[in-house]
Amino acid sequence: MSNIYESAEATLGFISSPCLTKVELRVACRGISDRDALSKPDPCVVLKMQSHGQWFEVDRTEVIRSSSGPVFSKIFLVDYYFEEVQRLRFELHDISSGNNGLRDADFLGAMECTLGQIVSQRKLTKALLKQGNTAGKSSIMVRTPLPMGLRLARLFVTSKFLLLTFFKVTAEELTGNDDYVELSFSARKLDDKDFFSKSDPFLEIFRLNDDGSESLVHRTETVMNNLSPVWKSFKVSLNTLCSGHQERELKCTVWDWDSNGKHDFIGEFQTTFKEMRAEPEGKQWECINPKYQMKKKNYRNSGLIFLNHCKIIKMYSFLDYIMGGCQIQFTVAIDFTASNGDPRNSCSLHYIHPYQPNEYLKALVAVGEICQDYDSDKMFPAFGFGALIPPDFKVSHDFAVNFDEDNPECAGIQGVVEAYQNCLPKIQLYGPTNIAPIIQKVASSASEEMHTKEAMEYFILLILTDGVITDMADTREAIVHASHLPMSVIIVGVGNADFTDMQILDGDDGILRSPKGEPVLRDIVQFVPFKDFKHASPAALAKSVLAEVPNQVVDYYNAKGIKPKCMSDYETSRTFSP
């Protein structure tokens, strides 16, 4: 039945969606063999991407004449989607002198991989493909060392193609600046604008735009009856503060609050974020009222404003964590309740057709094929629930599909497929449909990872079920607990049952709560009925159920203040006392 995995794999294609991020790929080679004994090769690398089973050229490097170790200046810019399988092919050609085309070029070999492997794998070995896509005796070794610098991963490829060939691809994420800055201000000796009490000052910060307009960035709280206020610290993104340009002018104004909304102007000053960061001993500004400055000869200022605290808070991206070494631990749970029908009957949802995979297999392969790129050992635990299992045939809701309770892991997605097919004749479909035990089992592993306080493993549980669950209260309780852990739950409803009640678990229409009323800490569940994708490609299903995972990963680690492992510390801090 190996053709089931291969056929589902072959139907995966690209579908249009908003790009999560862009990745730069840089290519270099070393030790390319000389096809012509009289001269060195003129190498060029062509990047191709697979779409609907066909290879299409994306771009190519320049030709470097007479070089066996070229470093190409051409950078490949590729859109990155976690929820899609993006197959890449790097072809190495020797271009004839005076001709930059490929028609008369010598094909030296190629390397195929996925973009997910480039950004996630630490080490990978493959055969070097020769003409006709046949594998020769040569091999390609891919190694991604720990990130060096800002969001950087490297892919090294070596092959013994006559002579040693060294093929290097470097990937770097290109994203907007999502960092935050934490600021706090205070003032001294502000002008008193009230007759019977002191001023009630508040501070406003405006960004000056290129078109001359002003955008309000932040307004502090009002400190009542105080000419030397200390305002609370606040956080604002660098994009909001200065559009990512540290030299952009900022205008800060100070007002005396009035209950009728007609606030009295105290003064203002201008600065830049660059100036805030650069002051080694703290920064202060004179608060100036231009009208007083023009009319009063001895006017100095309307008070002093102090910067007490300036701290840049790095907001890491999904690729930061993946490139920093975070592994995606993928677990599968399959529904073996009697409502699926007798697997020997062609009407059963578990029926194994010799040529056409059932819905369980389609969903498993579509989602698992993507997640496997982010797990270095490619070993995936697979469990079943709702069946009577040997030898005593008691009902179980978290048994190992390979019947090895000490080691429920299967080798690759194909291993999960084979374990699933092999277990069907050995079990008796039963019930009820309880999924809380399997969520609790994976949550137990995620809980151990949480205590490390490092971004090493994030858990994804894929639950495939044919009906509405019968332990809704326990499941809600389990999900609320799991929302505190590095874990996400994907539920695919197989068959034509009415899954309306399952939408409650998704949380998209409201906050999921435990039976005791405790809300989820974050949204970790995605539910999708397979019937909505019956006439779509497996890629469409995978895209739908995995699209939220990158944000769930980022939300968990950023909320915990956990930085990507082996990444540089980008935070800079300035704390001052006026």
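The values are calculated or read from the model by the stated rules, or taken from the named source; none is laboratory data. What you are looking at is a predicted structure, and each value in this text was computed from that prediction instead of being measured. Because the Cβ atoms are built from the backbone with ideal geometry, glycine has one as well, and the counts that use them run over all protein chains shown. Please note that ligands, DNA and RNA were not included when accessible areas were found on the heavy atoms of the full protein model with its side chains. Shrake-Rupley method; radii C 1.70, N 1.55, O 1.52, S 1.80 Å.
Descriptive notes on the structure:
- Working ranking of peptides 329-342, 398-411, 205-218 by packing, defined as the average number of other Cβ atoms within 10 Å per residue, highest first, is 329-342, 398-411, 205-218.
- Accessible carbon and sulfur surface of segment 410-449 relative to its total accessible area, %, 1.4 Å: 46 percent
- In segment 238-293, the trypsin sites (Lys or Arg not before Pro) that fall in loop regions by DSSP, at most 10 other Cβ within 10 Å: 262
- All aspartates and glutamates inside 12 Å of residue 516 as judged from Cα atoms, apart from same-chain residues fewer than 8 positions distant: 474, 477
- Solvent-accessible heavy-atom area per residue, rounded to whole Å², over segment 519-559 at 1.4 Å: 38 Å²
- GluC sites (Glu not before Pro) within segment 256-318: DSSP coil, no more than 11 neighbouring Cβ in 10 Å: 281
- For residue 114, residues with placed amide H under 5 Å, excluding near neighbours: 88
- Only Lys, Arg (+1) and Asp, Glu (-1) charged, at Cβ; segment 287-365 dipole about Cα centre in debye: 1540 debye
- Candidate cross-link partners of residue 394 among the lysines, defined by an alpha-carbon separation under 16 Å and a same-chain spacing of 8 or more, comprise 426.
- Share of carbon and sulfur in the accessible area of segment 330-370 stands at 54%, probe radius 1.4 Å.
- Sparse-neighbourhood loop sites, trypsin sites (Lys or Arg not before Pro) in segment 320-428 - DSSP loop, at most 16 other Cβ within 10 angstrom: 344, 378
- Total lysine pairs whose alpha carbons fall under 26 Å of each other in segment 271-373 (8 or more apart, or interchain): 6
- Separation of segment 73-112 and segment 406-467, taken as the distance between their Cα centroids, equals 39 angstrom.
- Accessible area expressed per residue, segment 268-397, with surrounding protein chains retained (probe 1.4 Å, Å²): 42 Å²
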